[in-house]
1. Yes or no: SER157 of a type in the set (S, T, N, Q) and open to solvent by less than 80 Å² (accessible area, probe 1.4 Å)?
2. Considering only residues that are open to solvent by 60 Å² or more (accessible area, probe 1.4 Å) and aliphatic (A, V, I, L, M), look in region 142-154 and name the one that is nearest to GLY104 (Cα to Cα).
3. Have a look at ALA72, ALA20 and point out the one that is over 13 Å from the mean Cα position of the chain (by Cα) and buried (at least 21 other Cβ atoms within 10 Å of the Cβ).
4. State whether one or more residues within region 152-159 are on the phi < 0 side of the Ramachandran plot, free of Cβ contacts under 8 Å to residues at least 12 places away in the same chain and among the acidic types (Asp, Glu).
5. List, please: which pairs have Cβ atoms under 8 Å, are six or more places apart or on different chains, and start with a residue in region 1-20 that is without any contact (Cβ under 8 Å) to a residue 24 or more places away in the chain and under 22 Å from LEU31 (Cβ atoms) and end with one that is open to solvent by less than 50 Å² (accessible area, probe 1.4 Å) and part of a loop (DSSP other than H, G, I, E, B)?
6. Restricting to region 28-50, count the residues that are open to solvent by 50 Å² or more (accessible area, probe 1.4 Å) and farther than 22 Å from GLY67 by Cβ.
7. Scan region 105-124 and report the pairs whose first residue is closer than 15 Å to LEU153 by Cα and among the aromatic types (Phe, Trp, Tyr) and whose second residue is open to solvent by 20 Å² or more (accessible area, probe 1.4 Å) and assigned to a helix (DSSP H, G or I), with Cβ atoms within less than 6 Å and a gap of 6+ or a chain change.
Amino acid sequence: QRALRRLQKDYPQSKEANNALFMLGSNLLQLGMKQQATKVFKEMFSGAGKYSETQLLTAGQELAKAGETDIALQAFARVLSTAKERSHEEPALLGKGKLLIDSGQFAEGAQILNSLLEKYPNTGRTIEAALYLSRAFGELGMREADPKKRFELFNESVRHMKTVRKFESTPGGVARSDVELARILERKAKAEE
């Protein structure tokens, strides 16, 4: 840590200095020191350093796991602003959509995840994206006053859950989809009340 900090101080224009925070954060993660790694990744976004899409994506995913939603969203947004490869764009879209839905921004998160599934219909992330989409549309339906719109939103929720059930084959995954389907019905009943 001291060596990397010295590198940043003494040679701030070098390529190595630009990667110092990421290297430090990655090493702390490998050592199982997640709290310290999260602090370092947060520091990455306070400056104007130039990091690769892979580095930003890794930092964003770790910040999301640590509950640092705002900074993780910044990381995913930076990846999406420059991503040219599917291997960067897909996980960034999924990460951003999930974070938005988890933070109660259901319409925005659903829009991001829908764009993921439209652009990459055969993604290996279909089950996870569809689970979140089902939840988002169920929550939106629960808050909708207009009966016709509410009906359409719940139909969207069920449609995405059918997608999950189509691709999910593990016993645990099937059980999870049963529970999520019950939650949709519960939300629908609350909305009707």
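The values are calculated or read from the model by the stated rules, or taken from the named source; none is laboratory data. In this text, all values refer to a predicted model and were calculated from it rather than measured experimentally. Cβ coordinates were reconstructed from backbone atoms using ideal geometry, including for glycine residues, and neighbour counts include every protein chain displayed. Accessible surface areas use protein heavy atoms only, side chains included; no ligands, DNA or RNA. Shrake-Rupley method; radii C 1.70, N 1.55, O 1.52, S 1.80 Å.
1. On the way: of a type in the set (S, T, N, Q): yes; open to solvent by less than 80 Å² (accessible area, probe 1.4 Å): yes.
Answer is yes for this residue.
2. My answer is MET142.
3. Details: ALA72 fails: over 13 Å from the mean Cα position of the chain (by Cα).
After ruling out the rest, the residue left standing is ALA20.
4. There is at least one residue in region 152-159 that is on the phi < 0 side of the Ramachandran plot, free of Cβ contacts under 8 Å to residues at least 12 places away in the same chain and among the acidic types (Asp, Glu).
5. LEU7/SER14
6. We begin by selecting, within region 28-50, every residue open to solvent by 50 Å² or more (accessible area, probe 1.4 Å); these are 30-36, 39, 42-43, 46, 48, 50.
Still in the list and also farther than 22 Å from GLY67 by Cβ: 48, 50.
The qualifying residues number 2.
7. Once the first residue is closer than 15 Å to LEU153 by Cα and among the aromatic types (Phe, Trp, Tyr) and sits in region 105-124, its partners that are open to solvent by 20 Å² or more (accessible area, probe 1.4 Å) and assigned to a helix (DSSP H, G or I) give PHE106/GLU139; PHE106/LEU140.
One line per residue, one yes/no per condition, for (1) in a helix (DSSP H, G or I); (2) under 16 Å from ALA189 (Cβ atoms):
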{"position": "LEU117", "(1), (2)": "yes, no"}
{"position": "ASN122", "(1), (2)": "no, no"}
{"position": "ILE127", "(1), (2)": "yes, no"}
{"position": "ALA130", "(1), (2)": "yes, no"}
{"position": "GLY138", "(1), (2)": "yes, yes"}
{"position": "GLY141", "(1), (2)": "yes, yes"}
{"position": "LYS148", "(1), (2)": "yes, no"}
{"position": "GLU152", "(1), (2)": "yes, no"}
